[in-house]
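All of the numbers you see were taken from the coordinates with simple rules; none came from a lab. Since this is a predicted model, take the numbers as computed values, not measurements. Using ideal geometry, Cβ is built from the backbone for each residue, glycine included, and neighbour counts are taken over all protein chains shown.
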Amino acid sequence: MKSAILDKISCFLAELIGTGLLVFLGCMGCIKYGNLENSHLQMVINFGLTIMIIVQIFGCVSGSHINPAVTAAAFVYKLVTWQMALVYFVAQMLGGFIGFGLLKAVVPDEAIFPNNSTSPGLCTTVIRPDIHPIQAVAIEFMVTMVLILVCCGVWDPRNAKYHDSVTIRFGLAVAALACAAGPFTGGSMNPARSFGPALWNWHFKNHWVYWVGPLSAGFLTSIGYRLVFYREVVPDNKIPIKEEIPLTISADK
């Protein structure tokens with residue numbers, strides 16, 4: 001088998017397993033029933049640390065997108081072709097579905113529906129009753145925008161020397177953003193993370209919010225960053241793009 005095909009398969013598996021772990025471990029940290037009472041802060045820290053683990057494992061394989069919004073930004077950045085973006089998307093959606101399915105298989109039913117039929121189900125992202133869906137889209141857009149800005153900063157050629165702590169940066173970024181947006185929309189920032197639990201729990205009320213907000217942020221934020229902030233690195237042995245103009249003129253000239 002050609003190495004190019006093997007690379008594509010390994011990227012597919014990395015995104016599938018990575019997204020599966022995100023949903024499995026992240027949602028396991030959200031379980032509340034019996035004597036288990038995880039606070040919101042514990043949940044977001046758990047998701048952040050889970051992201052850190054996954055990026056450490058698969059970052060060198062596929063870039064560890066584990067999020068269609070990140071893949072959309074990577075496509076704009078020309079880091080992946082549209083064909084590979086589709087491969088990533090399929091892997092992420094399958095990973096989210098499989099990850100939550102595995103969680104349902106290993107925990108009691110009471111952990112999935114602690115309040116019986118009145119609960120939308122474990123890890124199902126829902127908006128607060130007093131939040132309008134358009135407001136929810138705006139919240140998901142804003143927090144995903146910040147996440148994509150972090151990605152764009154990491155992908156910027158000028159930042160190539162500072163990748164030693166990328167795993168920690170992404171983990172803390174996700175934890176901070178989820179901590180802020182979680183009480184209002186669940187702080188998903190990721191259609192794959194929301195889709196798996198929604199499908200297994202069959203709860204799709206306002207589910208479109210978790211597609212429109214993150215995906216629009218993925219495309220628009222990366223386009224904006226490329227237009228405004230992105231710069232190519234000029235090698236040391238090349239002539240600079242423009243010369244520095246002195247602020248003062250010497251009197252002896």
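The order of the peptides 189-202, 79-92 by mean Cβ neighbours within 10 Å, most packed first, is 189-202, 79-92. Legend: residue pairs Lys104/Lys205; Lys32/Lys205; Lys8/Lys32, Cα-Cα distance threshold 32 Å; pairs beyond threshold, Lys8/Lys32. Between the listed residues Gly20, Phe113, Ile57, the Cα displaced farthest toward the positive end of the dipole of region 8-138, a dipole computed from Cβ unit charges relative to the Cα centre, is found at Ile57.
Here the chain is treated with +1 on each Lys and Arg Cβ and -1 on each Asp and Glu Cβ, and its dipole about the Cα centre works out to around 340 debye. Between the helical axis of 40-62 and the dominant principal axis of the chain, each derived from Cα atoms, what acute angle in degrees is found, rounded to the nearest 10? Result, in degrees: 60. Here's the picture: a label point sits 7 Å out from the Cα of Glu232 along the beta-carbon direction, and within region 143-167 the residues with their amide nitrogen under 17 Å of it are 156-160.
For Rg and Dmax of the Cα atoms in Å, the choices are [x] 16.8, 50; [y] 20.9, 87; [z] 17.6, 52; which was calculated from the structure? Computed from the coordinates, Rg and Dmax of the Cα atoms in Å corresponds to [y]. Think of it this way: in the chain, Cys11, Cys30, Cys60, Cys151, Cys152, Cys179 stand alone, with no other Cys Cβ under 4.7 Å.
Measure out, as a whole number of angstrom, how far apart the alpha-carbon centroids of region 130-204 and region 40-72 sit. Taking the Cα centre of each part, region 130-204 and region 40-72 sit 10 Å apart. When the trypsin sites (Lys or Arg not before Pro) in region 57-161 are filtered for DSSP coil states and for at most 10 other beta-carbon atoms within 10 Å of their beta-carbon, the remaining sites are Lys78, Lys161. For the pair Lys8 and Leu86 in one chain, pulling the backbone fully straight at 0.36 nm per residue adds 26.9 nm over the alpha carbon distance.
Positive contributions from Lys and Arg (+1) and negative ones from Asp and Glu (-1), summed over other residues with Cβ under 15 Å from the Cβ of Arg193, come out at -2. Less than 5 angstrom separates the built amide H of Tyr33 from none of the residues sequence-distant by 5 or more or on a different chain. Note on Lys78 and His207: the model spin-label points, each 7 Å out from Cα along the C-beta direction, lie 3.7 nm apart. The helix-only estimate of mean residue ellipticity at 222 nm for the chain, built from DSSP H runs of length n ≥ 4 each weighted as -39500 (n - 2.57), is -21500 deg cm²/dmol after division by the residue total. Computed over the alpha carbons of region 117-156, Rg followed by Dmax gives 14.4, 48 Å.
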